[in-house]
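Asks: I have a structure here, written as structure tokens, and I will follow up with some questions on it.
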Amino acid sequence: MGAARLIWRDCRSAPAAHPSRWAAVVSIAEKIGCVPQTLHEWVKKAEVNSGKRAGVPTEVADKMKALEREVRELRQANEILRKASAYFAQAELDRPFRR
């Protein structure tokens, strides 16, 4: 997130050079060759990750996604096992009784 650091540094060191934060984003985006909206999103994400802005840090969001995926897979596995159990229980009931 070096570009985000450039924005923070530019806004603090030369406030007269950029009348607004967006002006700093546009200026630096041109220098690094990206779209200003993309750079602005990077800056927001860097602020969230560093605690300067409220939100869920990337690290936590990635962990949540992985856990949600795992829960979904476990629920699917449980459903398969439940169906298999019902199938074999029914097969056991259909089997003729032996002494």
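Asks: List the residue pairs whose Cβ atoms are under 8 Å apart, where the first residue sits in the range 22-37 and is without any contact (Cβ under 8 Å) to a residue 40 or more places away in the chain, the second is of a type in the set (Phe, Trp, Tyr), and the two are 6 or more positions apart or on different chains.
Replies: Matching pairs, first to second residue: 36/22.
Asks: Evaluate the following for residue 23: is it hydrophobic (A, V, I, L, M, F, W, C), surrounded by 11 or more Cβ atoms within 10 Å (Cβ to Cβ) and modelled with pLDDT under 90?
Replies: Numbers: hydrophobic (A, V, I, L, M, F, W, C): yes; surrounded by 11 or more Cβ atoms within 10 Å (Cβ to Cβ): yes; modelled with pLDDT under 90: yes.
Yes, satisfied.
Asks: Check 67, 74 and return the single one that is more than 30 Å from residue 43 (Cα to Cα), aliphatic (A, V, I, L, M) and either over 21 Å from the mean Cα position of the chain (by Cα) or surrounded by 10 or more Cβ atoms within 10 Å (Cβ to Cβ) (or both). Even if it seems obvious, please write down each step before you answer.
Replies: Details: 67 fails: more than 30 Å from residue 43 (Cα to Cα).
Going through 67, 74 in turn, the sole match is 74.
Asks: Still on this structure, I have one more. Among the residues that make up the range 64-80, is at least one of them of a type outside the set (Asp, Glu), under 30 Å from residue 5 (Cα atoms) and in contact (Cβ under 8 Å) with a residue 12 or more places away in the chain?
Replies: Here is the first cut: in the range 64-80, the ones of a type outside the set (Asp, Glu) are 64-67, 69, 71-72, 74-78, 80.
From what's left, under 30 Å from residue 5 (Cα atoms): 64-66.
Okay, now just the ones that are also in contact (Cβ under 8 Å) with a residue 12 or more places away in the chain, so none.
Checking the range 64-80: not a single residue is of a type outside the set (Asp, Glu), under 30 Å from residue 5 (Cα atoms) and in contact (Cβ under 8 Å) with a residue 12 or more places away in the chain.
The values are calculated or read from the model by the stated rules, or taken from the named source; none is laboratory data. A quick note: this is a predicted structure, and the numbers were derived from the prediction, not measured. Because the Cβ atoms are built from the backbone with ideal geometry, glycine has one as well, and the counts that use them run over all protein chains shown.
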